Amino acid sequence: MILPIVTYGHPVLRQKGARIETITPEITDLIADMMDTMRDANGIGLAAQQIGRELQLTVIDVTGMTDRPSTLKLGGKDAAPESIMPLVLMNPEVKPLNDPVAGPEGCLSFPELYGDITRPESVEVTAMNEKGETINFVCGGLLARAVQHETDHLHGILYIDRMSKSARAKLKSELDALIYQTKREMGQR
């Protein structure tokens with residue numbers, strides 16, 4: 001089922017998600033709905049907060065993204081990133097492995113707004129997957145950027161929070177318009 005994606009200005013985007021300790025039928029259904037929603041929106045990642053849920057759950061799929069390649073290491077060996085796609089991460093812990101680099105990012109909760117964000121080029125990730133198993137991998141490139149972006153969402157951090165002041169200032173009118181539209185849709189003024 002395709003779920004509505006909440007946009008900037010909705011308070012749930014600033015909420016830290018609750019940890020998921022067990023995989024229930026509700027969680028399994030939510031994962032499937034989030035995958036459908038992400039694909040329908042042509043996204044590569046979607047966090048629970050973006051569909052109005054305060055949970056530490058995100059889905060990611062960078063399959064076919066050849067213009068911004070990804071790297072993956074499983075058990076210390078190089079692997080094809082597609083081998084773990086689509087990716088479900090619950091309660092992810094992300095450890096930076098090198099210096100930050102700037103790169104372009106967008107967000108489904110900020111339609112058509114993009115900016116350069118500085119993040120570590122590669123990270124080590126430990127999380128629970130959709131089967132309730134602990135998974136661990138090292139990733140780089142677009143996959144590392146997506147994992148960090150989505151993990152931020154799970155803690156109420158938005159990509160605009162990581163923009164430089166000047167980059168955010170350039171988007172001020174678009175951000176103000178998005179907040180106004182979101183609050184109007186929520187019945188607020």
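Could you go through the range 24-44 and let me know if any residue there is in a loop (DSSP other than H, G, I, E, B), of a type outside the set (Phe, Trp, Tyr), at pLDDT 95 or above and crowded, with 18+ Cβ neighbours inside 10 Å. I'd like the intermediate steps shown before the answer.
Within the range 24-44, the first condition is being in a loop (DSSP other than H, G, I, E, B), and the residues that meet it are 24, 41-44.
This time we only want the ones that are of a type outside the set (Phe, Trp, Tyr), so: 24, 41-44.
Restricting the remaining residues to those that are at pLDDT 95 or above gives 24, 41-44.
Of the ones still in play, those that are also crowded, with 18+ Cβ neighbours inside 10 Å are 43-44.
Among the residues of the range 24-44, at least one is in a loop (DSSP other than H, G, I, E, B), of a type outside the set (Phe, Trp, Tyr), at pLDDT 95 or above and crowded, with 18+ Cβ neighbours inside 10 Å, which makes the answer yes.
Residues being within 29 Å of residue 167 (Cβ to Cβ) and assigned to a strand (DSSP E or B): count how many of those fall in the range 58-112.
Summing the residues that are within 29 Å of residue 167 (Cβ to Cβ) and assigned to a strand (DSSP E or B) in the range 58-112 gives 23.
Tell me, which residue of the range 45-95 that is more than 20 Å from residue 133 (Cβ to Cβ) and of a type in the set (Ser, Thr, Tyr) is modelled with the lowest pLDDT?
Residue satisfying both the conditions and the ranking: 66.
In the range 1-23, which residue that is part of a helix (DSSP H, G or I) and touching a residue at least 40 places away in the same chain (Cβ under 8 Å) is surrounded by the fewest Cβ atoms within 10 Å (Cβ to Cβ)?
Start the filter on the range 1-23 by keeping residues that are part of a helix (DSSP H, G or I), which leaves 11-14.
Those still in the list that are touching a residue at least 40 places away in the same chain (Cβ under 8 Å) too: 12-14.
Working: 12: 16, 13: 21, 14: 13.
Filtering the range 1-23 for residues that are part of a helix (DSSP H, G or I) and touching a residue at least 40 places away in the same chain (Cβ under 8 Å), the one surrounded by the fewest Cβ atoms within 10 Å (Cβ to Cβ) comes out as 14.
Does residue 177 satisfy the condition of being of a type in the set (A, V, I, L, M), more than 20 Å from the chain's Cα centre (by Cα), loosely packed, with under 14 Cβ neighbours inside 10 Å and not in a loop (DSSP other than H, G, I, E, B)?
Details: of a type in the set (A, V, I, L, M): yes; more than 20 Å from the chain's Cα centre (by Cα): yes; loosely packed, with under 14 Cβ neighbours inside 10 Å: yes; not in a loop (DSSP other than H, G, I, E, B): yes.
Criteria met by residue 177.
Considering each of 121, 133 in turn, give the residue that is surrounded by fewer than 21 Cβ atoms within 10 Å (Cβ to Cβ), touching a helix residue (DSSP H, G or I) at 6+ places or on another chain (Cβ under 8 Å) and more than 30 Å from residue 173 (Cα to Cα).
On the way: 133 fails: touching a helix residue (DSSP H, G or I) at 6+ places or on another chain (Cβ under 8 Å).
Checking each option against the conditions leaves just 121.
The values are calculated or read from the model by the stated rules, or taken from the named source; none is laboratory data. Just so you know, these numbers come straight off a predicted model, no measurement behind them. Here Cβ is always computed from backbone atoms with ideal geometry, including for glycine, and neighbour counts include all displayed protein chains.
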